[in-house]
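Presented below is the structure to which this report refers.
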Amino acid sequence: MKQRQVYCCIAAVLLPLSLSAQPHAWTLRECEDYAVANNITIKQRAKTVEKQEHTLSTARNARLPDLSGTVGQNFSFGRGLTEDNIYTNTNTSNTSFSLTTSVPIFSGFQIPENIKLSRLNLEAATADLEKAKNDIRMEVAKAYMQILYDQEIAAVAHRQVGIDSAQVARLVAFVENGKASEAELSRQKATLANSQLTATQADNNRRLSVLTLTQLLELASPEGFSVVSPTEEQLQHIADMALTHPDIVYSEALSVKPEIQAQELRLRGTEHSINIAKAGHYPKLNFGAGMNTNYYNTNGYESHSFGEQLKNNFSQYLSLNLSVPIFNRFSVRNQVRSAKVDRENQQLELDNTKKRLYKEIQQVYYNTLNAQAKERSSGEAVVSSKDAFLLTQAKYENGKANITEFNEAKNTWLKAESDFVQARYEHLYQRALLEFYRGRELCF
């Protein structure tokens, strides 16, 4: 329950349209939902699902009778047979009307197998759509985490500027009172300039990471965009949590990951493909019915009226057509063999997908483990290096340490802070990703 509380996101309180009208800090959940709703790749996947729905509808409707009407007009010139059963040079016209229908009675089980295959293909396409949504969620979460990291690094850089600015102001006062040299002040100003350059670069990195996320969200501009940072309590709780073994994560992922479900559905579909191919061995029986009539007109001869001829020539028929395959040049046999090869390939694809998933989980698990250890060690380094810096700063301000020693202690402390921030947010992302493989929301 505690893990659920840690990875539960803040509920969305504003609609995406209002977000653009009134800037506010976006939660990760809001970013994911907005990206899923606006990503072009996901929209294309949704169209594939819609197409599979039409294919399933077509397969189901194959059981229904068809109905077609035909109207024909023929003109004949030259010698022809007359009603007196003699040939003469005449011009003849013939107008025909027909209406026919046919119903499949037995198709070698091809129709029900097509329906089952189309249904599985629809479910597989739906799973592919979920996989695409998960992929964009992972991209958004990574970009979101990068913003959090770059914000912290920028804050560290600006703290460095603040420290150096304070030392420059202190040395200016000392120079005015003759307690420090101009050379010492110049060195400190050069250090401040480097710190300002570092802060500028950090700000640029933060802006670029914001741009990356807003582009993933298909937003028109990154202006005014900001994200919600996790609380210190959440970060610390995540750092203290025990990791779930990758084998446990994998066993849970097998039942929830859409890429596994899609491959399993396609494997089941190959069995129906085999049955569809085998349908070529069976006879097929169709029922047919129709009606037709004609109107004849021969130049030089008197003909009955149009309506009278249509009535007199009207006919109907019923038929049963049985088609028995005897020899088809081994085409059906080869189709069955090809379908069985497809089944074996699909089984290999499923196995490969499972192995790839397990490798991904292992990689995330050990990345989390390493980031967790690095966060703890770098946290200790921050405390010790900060203490060392404060001590060196006191010595420097009392004239017992030079500017080189002061800058070294300051840079060591700030580097330790940067390493800690990097490890903390890497741990945060990898931990959330590991839980995501277990079927939980990708949130932190």
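Details
- Among the GluC sites (Glu not before Pro) in the stretch 136-219, those placed in a DSSP loop whose Cβ has at most 15 other Cβ atoms within 10 Å are Glu218.
- Of the trypsin sites (Lys or Arg not before Pro) found in the stretch 35-67, no site is in coil according to DSSP while having at most 10 other Cβ atoms within 10 Å of its Cβ.
- Ratio of Rg to Rh for the stretch 175-306: 1.52 [Cα atoms; Kirkwood radius as inverse mean 1/r over pairs].
- Taking only alpha carbon atoms, the stretch 301-444 gives an Rg to Rh ratio of 1.70, where Rh is the Kirkwood radius.
- Whole-number percent relative contact order across the chain, with pairs defined as alpha carbons under 8 Å at least 6 apart: 23 percent
- Size descriptor for the chain, Kirkwood hydrodynamic radius: 29.7 Å (Cα pairs only, one decimal).
- Global geometry of the stretch 208-279, whether rounded, prolate or oblate, following the gyration tensor of its Cα atoms and the 1.5 cut on a/c: oblate
- FRET efficiency for the Ser221 to Arg159 pair, using the beta carbon distance and R₀ = 30 Å, is estimated at 0.50.
- In the stretch 38-183 the Cα-Cα distances spread across 10 Å bins starting at 0 as 9, 14, 12, 11, 11, 10, 9, 7, 5, 4, 4, 2, 2, 1 percent of all pairs.
- Mean-position separation - Cα centroids, the stretch 298-371 and the stretch 237-259, in angstrom: 40 Å
- Couplings for the stretch 30-37, taken from phi via the Karplus curve 6.51 cos²θ - 1.76 cosθ + 1.60 with θ = phi - 60°, read 5, 4, 5, 4, 5, 5, 4, 6 Hz in order; Gly and Pro are left as x.
- Computed over all pairs of different Cα atoms, the Kirkwood value for the hydrodynamic radius of the stretch 101-186 is 20.0 Å.
- In this structure, Thr55 and Gln347 have a Cβ-Cβ separation that, at R0 = 30 Å, corresponds to a calculated FRET efficiency of about 0.80.
- Annotation for the stretch 93-192: trypsin sites (Lys or Arg not before Pro) lying in DSSP loop with at most 13 further Cβ atoms inside 10 Å of their Cβ are Lys179.
- For Lys142, a cut-off of 20 angstrom between C-alpha atoms picks up these lysines, skipping any fewer than 8 places away in its own chain: Lys131, Lys133, Lys257, Lys359, Lys374.
- A Cβ-based charge dipole, computed about the Cα centre of the chain with Lys and Arg at +1 and Asp and Glu at -1, lands at about 1060 debye.
- Protection proxy ranking of 383-391, 371-379, by the mean of other Cβ atoms within 10 Å over each peptide's residues and highest first, is 371-379, 383-391.
- For Lys179, the lysines whose Cα comes closer than 25 Å to its Cα, not counting residues fewer than 8 places off in the same chain, are Lys189, Lys395, Lys400, Lys410.
- Of all aspartates and glutamates in the structure, those lying under 17 Å Cα to Cα from Lys47, and not within fewer than 8 positions of it along the same chain, are Glu123, Asp128, Glu130.
- Check: the stretch 186-263 dipole with +1 on Lys, Arg Cβ and -1 on Asp, Glu Cβ, in debye: 620 debye
- A helix-only calculation puts the chain at -23500 deg cm²/dmol for mean residue ellipticity at 222 nm, using -39500 (n - 2.57) for each DSSP H run of at least four residues, averaged over all residues.
- Here the chain carries DSSP beta bridges of which approximately 95% are antiparallel, counting only pairs with both residues inside.
Only the coordinates and a few stated rules stand behind these numbers; no lab work does. In this text, all values refer to a predicted model and were calculated from it rather than measured experimentally. Please note: Cβ atoms are built from the backbone with ideal geometry, for glycine as well, and neighbour counts cover all protein chains shown.
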